[in-house]
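Trainee: What follows is a single structure, and I will ask about it in a moment.
The values are calculated or read from the model by the stated rules, or taken from the named source; none is laboratory data. As the structure is a computational prediction, the values presented were derived from the model and not from experiment. Cβ placement follows ideal geometry from the backbone for every residue including glycine, while neighbour counts extend to all protein chains displayed. Keep in mind that these areas ignore ligands, DNA and RNA; they rest on the heavy atoms of the full protein, side chains included. Shrake-Rupley method; radii C 1.70, N 1.55, O 1.52, S 1.80 Å.
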Amino acid sequence: MRIFLSIVALITILGGTVPTSAQGTDKPRSAVKGISYGAGVSAGERITLDAAMKAKSFGKSIRVTGTVTEVCKVKGCWMMLRDASSLVRVTFKDYGFFMPMDLVGKTVALEGVLSVETLTEAEARHYAEDAGKSKKEIAKIVGDKNEYSFEATGVVVL
């Protein structure tokens, strides 16, 4: 009986640790229409990224739409979102979810907060490395600059 209980305890311990370690290596699902990431996007009016910029909708939770132009090649931890005349870097609340690489070119809706931030030279170089830029391109990055950013709590592929 003791052997049986020891085996059951061992299986329970091993079974409990395998899913936990596997969670950190899960890759985002493929970017298929209707797929949500993070908390998703709540019902309500969605405005274009351009309209949000023109209205200076900074610092409050909003829902916007735009086209993904780039996704971090390392693990999908940021993306660039474009509309007719606006471009923002999108990061994800509390580093809580990631985007698949095949999201580039797709239209998405996001919910979160739009802001203007100072991007340091070091951060810009880091993002360039994540994007797979050459050492020559990265070396051309000099100085801090202001950029528009969006911290998303959720994303849905349209």
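Trainee: Please return the ranges of strands (runs of 3 or more DSSP E) entirely within segment 45-158 where 1 or more residues are open to solvent by 30 Å² or more (accessible area, probe 1.4 Å), in contact (Cβ under 8 Å) with a residue 60 or more places away in the chain and of a type in the set (F, W, Y). Even if it seems obvious, please write down each step before you answer.
Mentor: On the way: elements: 61-71, 78-82, 87-92, 107-119, 145-157.
Output list reads 145-157.
Trainee: Additional query: Filter segment 30-44 for residues that are in contact (Cβ under 8 Å) with a residue 40 or more places away in the chain, out of contact with any Phe, Trp or Tyr (no Cβ under 6 Å at 6 or more places or on another chain) and open to solvent by less than 70 Å² (accessible area, probe 1.4 Å) and give the result.
Mentor: Taking segment 30-44 as the starting set, the residues that turn out to be in contact (Cβ under 8 Å) with a residue 40 or more places away in the chain are 30-42.
With out of contact with any Phe, Trp or Tyr (no Cβ under 6 Å at 6 or more places or on another chain) added as a condition, the list becomes 30-36, 39-42.
Within segment 30-44, S30, A31, G34, I35, S36, G40, V41, S42 qualify.
Trainee: Inspect all residues belonging to segment 3-19 and state whether any of them is open to solvent by 70 Å² or more (accessible area, probe 1.4 Å) and either at pLDDT 95 or above or under 17 Å from G154 (Cα atoms) (or both).
Mentor: Going residue by residue through segment 3-19, those that are open to solvent by 70 Å² or more (accessible area, probe 1.4 Å) are 3-7, 10-14, 17-18.
Retained after the next criterion (residues that are either at pLDDT 95 or above or under 17 Å from G154 (Cα atoms) (or both)): none.
For segment 3-19, residues open to solvent by 70 Å² or more (accessible area, probe 1.4 Å) and either at pLDDT 95 or above or under 17 Å from G154 (Cα atoms) (or both): absent.
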